[in-house]
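Here the structure is laid out as structure tokens; the discussion comes afterwards.
The values are calculated or read from the model by the stated rules, or taken from the named source; none is laboratory data. Given the structure is predicted, the values throughout are model-derived calculations rather than measurements. Positions of Cβ are generated from backbone atoms using ideal geometry, with glycine treated the same way; all protein chains shown enter the neighbour counts. Accessible surface areas use protein heavy atoms only, side chains included; no ligands, DNA or RNA. Shrake-Rupley method; radii C 1.70, N 1.55, O 1.52, S 1.80 Å.
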Amino acid sequence: MTSTPETPAPAQPTRLAHLDAHTYRDWAAGEHSTVILPAGAFEQHGPHLPLGTDAILSSTIAEAVGSRIGAKVAEPLAYGYKSQQKSGGGDHLAGTVSLDAAALIAQARCIMAGFLRQGVRNLVVLNGHYENYQFLYEAADLALADTGAGARASAGPPRDSPTVLLLSYWDYVSEDTLAAVYPEGFPGWEIEHGGVLETSLMLHLRPELVAMDRAVSHPPADLPRFDRLPAVSSRTPDTGCLSAPDGSSPEKGRLLYEQVAADLGTDLTAELDLPR
């Protein structure tokens, strides 16, 4: 008598939005439940990249990392803090719709606290919009306090309480990768807006959304060391990009994507004591 082999259970989706509530409830109660919350913005990225670039990149990298470490990925924060002239071209440019600090903190705080209250062990906030960072930090600190796991110093990482980690994906771009992507020298993170890094990543991950025939070559923005309000619009290049996408390629995007996802996954596994 032959037995019929059992059909393996289908793999759970990485995106939380594709999971049913009961499966989520059981998963969240697990010892190593980890949610990655991507954060982006709705911001102009010149004539060749879509307005949702920051959220697209943070979400896609989050899914790659999540599949590596067994984490789930929440829906992204798709609107971000006010674009700054020295890092995003400025909030005065068409297509950029922003949140103020109070709105971003309140939204992120509620979302983070919601996951923590439901038993999620680790929450990783993966930022993709330069200006968001300190407001996401504030939201995380308040969410931990709201849920009774307030910030407290210790001799080492505590293993018996919920944890929130905050990072920007570009923090994980290695020096070797930078040298390969920018053979003529890296212009600096602040003016990498609509430039080679974001364009190459989008060419690799979402090429159908990139219009390289509309890309414009121009010198990097030459901005003062201070912020002036209201912004002097003439100081932002007409494209809205702070550096040109010259030299962007899908191959560079693949290198960036794979290296960042691998190193970030390794780091999170070690820091959060996740199963290897």
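Recomputing Cα extents along the principal axes in Å from the coordinates shown identifies the correct label among [x] 73, 51, 34; [y] 54, 43, 36; [z] 54, 34, 32 as [x]. For the chain, the antiparallel share of DSSP beta bridges with both residues in that region comes to about 10%. Take the Cβ atoms of Phe186 and Thr23, set R0 to 35 Å, and the FRET efficiency comes out at 0.20.
Might you tell me the accessible area per residue for the stretch 119-276, computed with a 1.4 Å probe and given in Å²?
Working: 8170 Å² over 158 residues.
Here the per-residue accessible area is 52 Å².
Taking 17 Å as the cut-off, the amide N atoms of the stretch 68-110 that come nearer than this to a point 7 Å along the Cα-to-beta-carbon line of His218 belong to 84-96. Decide, for the stretch 1-151, between rounded, prolate and oblate: order the square roots of the alpha carbon gyration tensor eigenvalues as a ≥ b ≥ c, take rounded if a/c falls under 1.5, and otherwise choose prolate if a/b is larger than b/c, else oblate. Here the stretch 1-151 falls in the oblate category. For Gln118, no residue has an amide H sitting under 5 Å from its own, ignoring neighbours fewer than 5 places away on the same chain, with H placed 1.01 Å from N. Nearest 10 degrees is fine. How inclined is helix 196-205 to the longest principal axis of the chain, computing both from alpha carbons? The answer is roughly 50 degrees.
Could you work out the helix-only [θ] at 222 nm for the chain, with each DSSP H run of four or more residues adding -39,500 (n - 2.57) and the total divided by the number of residues, to the nearest 500 deg cm²/dmol?
Mean residue ellipticity at 222 nm (helix-derived): -11000 deg cm²/dmol.
Residue order by solvent-accessible surface for Trp189, Trp27 is Trp189, Trp27, largest first, with ligands and nucleic acids left out and a 1.4 Å probe.
GNM on the chain, alpha-carbon springs under 10 angstrom: the most fluctuating residue among Thr266, Thr239, Thr23 is Thr23. In degrees, nearest 10, range 0 to 90: what is the angle between the Cα axis of helix 250-271 and the longest Cα principal axis of the chain? Relative to the chain, helix 250-271 is tipped by roughly 40 degrees. Amide H contacts for Leu165 (H built 1.01 Å from N in the peptide plane; partners 5 or more residues away or on another chain; cut-off under 5 Å): Leu123, Val124, Val125.
Leaving out ligands, DNA and RNA, and with a 1.4 Å probe, what % of the accessible surface on the chain is carbon or sulfur? On the chain, the fraction of accessible area on carbon and sulfur atoms equals 52 percent.
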